[in-house]
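**Q** Would you mind keeping the following structure in view while I ask a few things?
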Amino acid sequence: MEKHKDFWNLILVGKWNKYILSPQWAAKNIFEEPELQVEFPLNLDFPLRYTSLEKNIRLLPAEDKVIFVPLKLDDECLSEVGKLTNKLFEMLPHTPMRAFGINFGFSEKDNTELYKVFNVIDNAKLGEFNCELKQTCIIRRTVYDENNLNLRLTLKGNEVLFDFNFHYDVKNAVEAKEKLKDNIVKNKNAAEKLLQEVYGLSYDDIEQKKRGVV
């Protein structure tokens with residue numbers, strides 16, 4: 001099992017004032033650094049990207065959402081994302097919000113046992129109809145530890161992707177701050193526990209495969 005970096009982020013859905021969230025303001029009030037690296041997208045519909053090279057965290061501010069992206073997929077960086085998010089909530093407490101999501105992704109390749117999860121009843125009949133299956137997705141909407149957990153499993157070629165979304169409905173930044181707490185690392189641990197106990201996956205598998213054990 002490996003971490004899939006494209007799925008790791010924290011998304012804050014609401015009505016944000018992107019003009020307040022300038023690179024200078026974010027550097028001073030959120031990151032507490034002299035300056036941030038700023039990247040301009042080729043597509044003007046996409047937000048700017050502010051990156052702290054010191055903290056290894058990226059911020060993407062837009063009118064409908066603000067996204068924090070950890071560039072290092074470890075507990076230290078995830079905890080720092082939580083601290084920066086709390087600063088944003090404290091600086092803009094009256095921002096209307098609808099929800100926030102804590103997201104993680106993992107992948108597993110060449111696992112024949114895992115492929116069995118995707119043996120849905122119509123596979124054979126689709127094949128008889130000359131349909132070549134390119135990708136299969138299974139979406140599970142669950143409640144875990146009294147919170148909404150949305151899990152998407154995708155089989156594409158020889159790779160299975162796990163996309164975890166821990167979803168929280170909120171009304172404003174004050175409520176979001178209360179619900180966020182230390183849940184980023186806590187939810188990451190829950191995702192890894194689910195992968196191990198439900199699907200039999202762990203990071204040890206990677207080292208074993210390198211050594212030719214499995």
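**Q** Along the stretch 192-198, what does the Karplus equation 6.51 cos²θ - 1.76 cosθ + 1.60 (θ = phi - 60°) give for ³J(HN,Hα), rounded to whole Hz, x for Gly and Pro?
**A** 5, 5, 4, 4, 6, 7, 8
**Q** Taking a 1.4 Å probe, which of 149, 73 shows the most accessible area, and what order do the others take after it? The partial results should precede the final answer.
**A** On the way: 149 5, 73 40 Å².
Heavy-atom accessible area, descending, gives 73, 149.
**Q** Another question about this same structure. Compute, for residue 54, the solvent-accessible surface of its heavy atoms (probe 1.4 Å) with the complete set of protein chains present, and express it in square angstrom to the nearest 10.
**A** Taking all protein chains as shown, residue 54 has close to 140 Å².
**Q** Whole Å is fine, so just give me how far the alpha carbon centre of the stretch 1-31 lies from that of the stretch 64-127.
**A** The distance from the Cα centre of the stretch 1-31 to that of the stretch 64-127 comes to 14 Å.
**Q** Report, to the nearest 10°, how far helix 75-91 tilts away from the longest principal axis of the Cα atoms in the chain, using its own Cα long axis and a range of 0 to 90°.
**A** 40
**Q** Under 10 Å from the Cβ of residue 151, count the other residues' Cβ atoms, weight Lys and Arg +1, Asp and Glu -1, and hand me the total.
**A** Values: positive: 140, 141, 152; negative: 163.
Result for the local shell: +2.
**Q** For residue 156, which lysines qualify as cross-link partners when the Cα separation must be under 24 Å and same-chain residues fewer than eight apart are set aside?
**A** Reachable lysines: 3, 5, 109, 116, 125, 134, 188, 193, 209, 210.
**Q** Something else now. Label-point separation (nm) for residue 74 and residue 62, each offset 7 Å from Cα along Cα-to-Cβ?
**A** Placing both labels 7 Å along Cα→Cβ, they lie 3.1 nm apart.
**Q** Right, something else. Can you sort 2, 197 by solvent-accessible area, 1.4 Å probe, largest first? Intermediate values should be presented prior to the final figure.
**A** Details: 2 105, 197 135 Å².
Ranked list, largest accessible area first: 197, 2.
**Q** Which shape class applies to the stretch 89-214: rounded if a/c is under 1.5, otherwise prolate when a/b exceeds b/c and oblate if not, where a ≥ b ≥ c are the square roots of the Cα gyration tensor eigenvalues? Please list the in-between numbers first.
**A** On the way: a/c = 3.11, a/b = 1.70, b/c = 1.83.
It is oblate, given that a/c is not under 1.5 and a/b is not larger than b/c.
**Q** Which order do the peptides 137-144, 20-27, 78-85 come out in when sorted by mean C-beta neighbours inside 10 angstrom, highest first? All intermediate terms of the calculation are to be shown ahead of the outcome.
**A** Working: 137-144: 10.8, 20-27: 16.8, 78-85: 19.2.
Highest-to-lowest ranking by the protection proxy: 78-85, 20-27, 137-144.
**Q** What value, in deg cm²/dmol to 500, does the helix sum -39500 (n - 2.57) over DSSP H runs of n ≥ 4 give at 222 nm once divided by the residues of the chain? Spell out each step's value before the answer.
**A** Working: 7 runs with 63 residues, N = 214.
Only helices count here, giving -8500 deg cm²/dmol.
**Q** Considering the values (i) 1.23; (ii) 1.16; (iii) 1.08, which represents Cα Rg over 2.2 N^0.38 Å as calculated for the structure under consideration?
**A** (ii)
**Q** Also, quick follow-up: Take the Cβ-Cβ distance between residue 125 and residue 202 as r, set R0 to 45 Å, and report the resulting FRET efficiency rounded to the nearest 0.05. It would help to have the intermediate numbers written out before the result.
**A** Working: r = 35 Å, r/R0 = 0.79.
Efficiency for this residue pair is about 0.80.
**Q** What's the carbon and sulfur percent of the chain's accessible surface, probe 1.4 angstrom, rounded to a whole number?
**A** On the way: 6470 of 12880 Å².
Within the chain, the accessible surface is 50 percent carbon and sulfur.
**Q** Per residue of the stretch 134-144, in order, report the coupling 6.51 cos²θ - 1.76 cosθ + 1.60 (Karplus, θ = phi - 60°) as ³J(HN,Hα) in whole Hz, putting x for Gly and Pro.
**A** Along the stretch 134-144, the couplings run 9, 7, 10, 10, 10, 10, 10, 9, 10, 10, 10 Hz.
The values are calculated or read from the model by the stated rules, or taken from the named source; none is laboratory data. Just so you know, these numbers come straight off a predicted model, no measurement behind them. In this analysis, Cβ positions are derived from the backbone assuming ideal geometry, glycine residues included, and neighbour counts consider all displayed protein chains. SASA here: full protein model, heavy atoms, side chains in, ligands and nucleic acids out. Shrake-Rupley method; radii C 1.70, N 1.55, O 1.52, S 1.80 Å.
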